[in-house]
Every structure is written in C-alpha cells, then in structure tokens.
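The values are calculated or read from the model by the stated rules, or taken from the named source; none is laboratory data. Note that the coordinates shown come from a computational prediction; the quantities given were computed from them, not determined experimentally. Backbone-built Cβ (ideal geometry, glycine too); neighbour counts: all protein chains shown.
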Amino acid sequence: MRLVLVGPPGAGKGTQAQFIAEHVGVPKISTGDIFRANVSQGTPLGLEAKEYMDRGDLVPDGVTIEMVRNRLAEPDAITGFLLDGFPRTVPQAEVLDDILRETADTKLDVVLELVVDDDEVIRRLSGRRTCRTCNHIWHVDFDPPKVPDVCDIDGGELFQRDDDKAETIANRLQVYAEQTAPLVAYYAGRGMLVGIDATGPVDDVTVRAIDALRPFPAGEA
C-alpha cells in the first residue's frame, strides 16, 4: 500500500502513522525523519538543508523533493510506504505522482485525512505544559501532574511554550487550511481521499483508520 496521511497540527498524525504503517506492513516516512537522516549522515542534500535550518529559513521545495525522491527509491519503500508531512501542496502532490512513475512505475493508493475540528486542536495543543528542567510534556486534561504546574518527575516548573498558546495555534491552523484545502480537494477530485474522525481515544482512531483502508490494496494486511 502506498499511503499519504494528512491532518491539522494536533490531529495525532505521528502516533497514528506509526500504528497504521505497522498494521499494513510498510515503512513510516516523515519529512522530519528524512531531514534528520540526511543531516546526521552528512549527505549533500542534508548539508544544504542544514544551512537553511540553521538560519531559521524554510528548506526549499527542491531540496525536500529530492530527499523524498531518494527515500522512496530505497528498497524498503519500493512496494509500499506511509508518507507523513509530504505532500503539503498540490504542486508537491504532482511531483509525488511523477516520482512514483519514475521509480516504481506505480501510483498512490489512498490519502487518509485525520479530521479534527479547530476547537479540539486548540484544546489538545494549548493544554500542553513543558517542564523547564527535564522537558517532559504534561497535559492539563489528558495527563495532568499531581500538583498543578509542577513536574512529577523532578519537581521542575511547568510552563506553556509560545507555540502552544491559543493564538499561535489558531494561526498555524489558518496556514494549514490555506495550504492543505487545495491539496485535499485535489485528492478528493481523484477519488483517493478518505476522511476519518480523529477525536477520541488513540486506539479508537486507529481502528477507524484501519477500517477505512480495508477497501484499498493491502488494506486487509
């Protein structure tokens, strides 16, 4: 199965990507993993990407695309994969189509969208609290410390990171919607998009995802 996973920040893509990939027997490939691997291995693309990241700039599409191209050409990805974080735009989706034709003479099977409303995303992300000393992340609703604002592990002060504040999250959601709405429409128009409700316990979401994939190739794996 060749699968792309999409969803807003806080939808649980990282967690679900791992479970789903294990279920269908394909490697989970995220752009973050690809970046880290290239940087740690000192590849020419990794060194180029690191220059942008060190300056706080976005890595250009061309560099990201070549990293994805190289990763999808590796033996473990030839017969299937789960992509998380790519594509993010319609032009990237078109490039992905070209890559699959060139490397394996094949195409994408399905795009799974994790659907979560904005209020739930804000609740999930804005409730996170980080320990200043050990960096462990707690949550005021889902995983609260025994004493408010105090880390159970080392007694460190808990704080809310700037990128976990409601106004920052709302901006991230707006950017996501602007970038991804055309991508979702693109795949929906090709009959490849399947959306599932990503609210509720992690295990329940995983079951919904696996059920939604059953009609597609390797969905019964």
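With respect to the conditions (1) modelled with pLDDT of 95 or more; (2) in a loop (DSSP other than H, G, I, E, B); (3) of a type outside the set (Asp, Glu), Ala221 falls short on a single one, namely (1). Number of residues in the stretch 99-136 that are exposed (fewer than 13 other Cβ atoms within 10 Å of the Cβ) and not in a loop (DSSP other than H, G, I, E, B): the value is 3. For Ala209, the criteria (1) surrounded by 18 or more Cβ atoms within 10 Å (Cβ to Cβ); (2) farther than 30 Å from Pro75 by Cβ hold in every case but one, which is (2). For the stretch 67-87, a residue qualifies if it is exposed (fewer than 14 other Cβ atoms within 10 Å of the Cβ) and at pLDDT 90 or above, and the qualifying residues are Ala73, Glu74, Pro75, Asp76.
Taking Glu157 as the residue in question, decide whether it is among the charged types (D, E, K, R), more than 17 Å from Ile20 (Cβ to Cβ) and surrounded by fewer than 12 Cβ atoms within 10 Å (Cβ to Cβ). No.
Considering the stretch 194-206, and only residues there that are in contact (Cβ under 8 Å) with a residue 12 or more places away in the chain and in a loop (DSSP other than H, G, I, E, B), the residue that is surrounded by the fewest Cβ atoms within 10 Å (Cβ to Cβ) turns out to be Thr199. Assess whether Lys50 counts as being of a type outside the set (Gly, Ala, Ser) and either at pLDDT below 90 or more than 30 Å from Ile169 (Cα to Cα) (or both). Against the criterion (of a type outside the set (Gly, Ala, Ser) and either at pLDDT below 90 or more than 30 Å from Ile169 (Cα to Cα) (or both)), Lys50 qualifies.
Looking across the stretch 1-28, the residues that are touching a Lys or Arg at 6+ places or on another chain (Cβ under 6 Å) and not in a loop (DSSP other than H, G, I, E, B) come down to Leu5, Ala17, Gln18, Ala21. I'm checking my understanding of the structure. Among residues of the stretch 1-48 that are surrounded by 22 or more Cβ atoms within 10 Å (Cβ to Cβ) and of a type in the set (S, T, N, Q), which one is nearest to Asp76 (Cα to Cα)? If we take residues in the stretch 1-48 being surrounded by 22 or more Cβ atoms within 10 Å (Cβ to Cβ) and of a type in the set (S, T, N, Q), then Asn38 is nearest to Asp76 (Cα to Cα).
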